[in-house]
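Colleague: My questions will all concern the structure given below.
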Amino acid sequence: MSASQPPTDRKVDRIDVSYDWELCVWARHFNTSEKAVKEAVQAVGNRADHVREHLAARRQQASERPSSR
């Protein structure tokens, strides 16, 4: 591969929820519950970047309060 070509085999972190220890590690990484990680993986797939975005969106939705008007 020449230096001008971008790498095509970039490592993408994947989350394997079939291992309890790995689920625990990712839950700590995202500062959330194991259940939330598992639900996010079911919703968006096992790519860590997609799970991160999904969890961030859920946090933002949870922090928004309905208007009192």
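The values are calculated or read from the model by the stated rules, or taken from the named source; none is laboratory data. The model shown is predicted, which means the values in this text are computed figures rather than measured ones. Here the Cβ positions follow ideal geometry from the backbone for every residue, glycine too, while neighbour counts run over all protein chains shown.
Colleague: Whether any residue in the range 44-57 is assigned to a loop (DSSP other than H, G, I, E, B), modelled with pLDDT of 85 or more and either of a type in the set (Val, Ile, Thr) or out of contact with any Lys or Arg (no Cβ under 8 Å at 6 or more places or on another chain) (or both) is what I want to check. Explain how you work it out, then say what you get.
Modeller: Filtering the range 44-57 down to residues assigned to a loop (DSSP other than H, G, I, E, B) leaves 45-46.
Filter once more, keeping what is modelled with pLDDT of 85 or more: 45-46.
When the remaining residues are screened for being either of a type in the set (Val, Ile, Thr) or out of contact with any Lys or Arg (no Cβ under 8 Å at 6 or more places or on another chain) (or both), the result is 45.
Yes, the conditions are met somewhere in the range 44-57.
Colleague: Select, from GLU64, GLU34, the only residue that is among the acidic types (Asp, Glu) and modelled with pLDDT under 90. Full working, then the answer.
Modeller: Working: GLU34 fails: modelled with pLDDT under 90.
One residue alone meets the criteria, GLU64.
Colleague: Six or more apart or on different chains, Cβ under 8 Å: which pairs go from a residue in the range 2-24 that's more than 13 Å from GLU34 (Cβ to Cβ) and surrounded by 10 or more Cβ atoms within 10 Å (Cβ to Cβ) to one that's among the aliphatic types (A, V, I, L, M) and modelled with pLDDT of 95 or more? Could you list them?
Modeller: Every condition considered, the pairs that remain are VAL12/ALA48; ASP13/ALA48; ARG14/ALA48.
Colleague: Restricting to the range 37-55, name every residue that is in contact (Cβ under 8 Å) with a residue 12 or more places away in the chain and closer than 18 Å to SER18 by Cα.
Modeller: Across the range 37-55, the qualifying residues are VAL37, LYS38, ALA40, VAL41, ASN46, ARG47, ALA48, VAL51.
Colleague: Please find, within the range 56-66, the residue that is nearest to THR32 (Cα to Cα) out of those that are basic (Lys, Arg) and without any contact (Cβ under 8 Å) to a residue 12 or more places away in the chain. Give the derivation first.
Modeller: Start the filter on the range 56-66 by keeping residues that are basic (Lys, Arg), which leaves 58-59, 65.
Pick out the ones that are also without any contact (Cβ under 8 Å) to a residue 12 or more places away in the chain and you get 59, 65.
Details: ARG59: 10, ARG65: 20 Å.
Only one residue fits best here, namely ARG59.
Colleague: To continue, here is another question. Do we have any residue at all in the range 45-53 that's exposed (fewer than 14 other Cβ atoms within 10 Å of the Cβ), among the acidic types (Asp, Glu) and over 10 Å from the mean Cα position of the chain (by Cα)?
Modeller: No, the conditions are met nowhere in the range 45-53.
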